[in-house]
Amino acid sequence: MNKKIEFNRLFAYSDKANKFFSVEFGKGVNIIHGRNTSGKSTLLLSLLYVFGINDVKLQLHEILQYGGVIFRLDCTLYGNQTEENLTLIREDESLIVKRANKPVLRFNGIGSDNSVEHIKLKHFFHKLLGFSLYLESKNEYKEAPIETIFLPYYISQAVGWVYLRKSFSNLDYYRNFKDDYLDYYLGIDNFFDRLSKQRLEDRLKVLHKEKSFFTKFESNNIDLQVARIIDEKFTKESLKYLETFRTKKKELANKEKEYTLKCNELSLFIQRKSVLSKVANHHKTQRPVDGSCPVCLQSLPLNLAATYKYHQESNDTELEITKYKDKIKKTQSEVNSLYSKISKLKKDVHKEYKILSTYFEEGITFEDWLRNKANIRLSENITMNLGGLVREEEQIKKDLESYKTEEEVVTERNNRIKSFATLFKNYLTQLQVKSLVEDRYTNIYKISAFPYQGVELHKTVMAYHFAFNRLIKQNQNIHRLPFILDAIFKEDIEYKNKDLIIEFISNNRPKDTQTFFSIAEINDLESEVKRFNSEFFDNEAHLICIGNGVDERAFLSDYDDNFSDYLLETLEVINSH
């Protein structure tokens, strides 16, 4: 069964600016409304940012410039007859994952998509959601970026209503991206199918060579004189191997010792930052004027010296926290670097043995030479090996029969192409868009643009995404995420088309996931949002107003201490170790 994530609550907090944002989401339709530039897109982009997507940092610049802004998203993760609470917290370049009855996971230094920590985070989400899309880059397949996990479920305000698969900006350089992406989400083929099939075929070739070797070896009757010559050469090769092995093992031991020390140092820095954060939190309750002594609860003296001392201590603590954040990031990088070096050294040591063990001389390997020392058992060994190779060869041939042929892949693609075209044309009809006939506009593997502009293009792109989402739903191996549509109305859409779009969303939204969409209020249109809810969603949509329908840049507002327990819990998770 596919994995599904449901968003429950988003919380943002800036200690430096003393501002916050908090909202709870509904299980079905969530309508975000407010004035233009009020912060509707900011809310939706925050949902992506908290998953570690750095592509949206530029759009969140006004919020992130406060520094140290904490984003927390509480979710529910559904699996095969299971559900669990999932909390994601992002603070600058760190992301913390809290799951029920599991240790808290930390990923420090995710600000760059190519960093070791971000790659580890990407692997975590692949495993968490059963996401197995791999994309080709620089002649090798790599785990697809986190953006591709959200791509079918997110339409950006900036370019999402004009260009397909462009809601994120860093996907174009992957080779054959469109075909691999569509094949995966439509359930036709994936990287693991191709890779596993290739490995089986490569193994089959090796088996043929090994069978040929044993057969020739048995028929040629290698004599003892050749064995003595090979014995001398293998002795030389062994001595050279042992010297290399000794040097690399010593280097490996030193690196492992250095790695342990660095891990201890990282743990110390994290613990130190945790203590400093708690000091800073307690220090706030001891400010002159309205603070009190933490021991006797008497009011603190109000004078210039006390005030100066309070602010100086606050600044010193903040500087220490910043210093240890930098140390944590630097040390984490050193730990990752040492881990990579240790892994390489281990591979090198293993490689030295492998080179020796597979060394060929006169058609005989090192193992073959050893077996020649017991000529009585030689014939039995050859017969036994040949039998094992034949059995493995037959099993691989049987396994290969389960993989799709190129003809089968083409057939399945054609089936999906027809299914998409049927849904797409139906949705265009519902949105009163002139029907598209040419194959380049209805074949999902050929579509790159549509021959429309303005409102017609807007509605056509909407029909495309809803049809694609419906096809994905039919694939039980694909994760499901909330469907996020940013700015469903263009500025020049008249009332008739607005009602048409809302009615279309109401009739065709995915019923197995949440749906989020934003609407800009012009003049006094809050009543229009309520009318949409009443007429098209039976008043069951969850309305989220940003800035009271009046204010601009209103995503963050002044913190009022109403969420102190929730904030304290969030800080405790951040500072846990």
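FYI, it's all coordinate maths here, none of it is from the lab. Keep in mind it's a predicted model, so treat the numbers as computed, not measured. We place every Cβ from the backbone using ideal geometry, glycine too, and count neighbours over all the protein chains shown.
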Open item on the list: Give the lysines whose C-alpha is closer than 16 Å to that of K205, dropping any in the same chain fewer than 8 places away, or say none.
Closed with: K197, K397, K398
Task: Amide hydrogen neighbours beyond the local backbone of I488, cut-off 5 Å, H modeled - done: S518
Task: All lysines inside 22 Å of K16 as judged from Cα atoms, apart from same-chain residues fewer than 8 positions distant - done: K57, K273, K278, K284, K309, K323, K325, K327, K329
- [ ] Identify all lysines with a Cα-Cα distance to K511 below 24 Å; exclude those on the same chain that are fewer than 8 residues away in sequence.
- [x] K3, K4, K27, K40, K418, K425, K459, K473, K498, K530
TODO: Express in whole angstrom the spacing between the alpha-carbon centres of the stretch 145-173 and the stretch 499-539.
DONE: 23
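How large is the convex hull of the C-alpha atoms of the stretch 433-566 per residue, in Å³?
Details: hull volume 22.7 nm³, N = 134.
Each residue corresponds to 170 Å³ of Cα convex hull volume.
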Task: the stretch 41-83 versus the stretch 431-454: alpha-carbon centroid distance in Å - done: 33
TODO: Would you please put 150-156, 107-113 in order of how densely packed they are, using the mean number of other Cβ atoms within 10 angstrom per residue and starting with the highest?
DONE: 150-156, 107-113
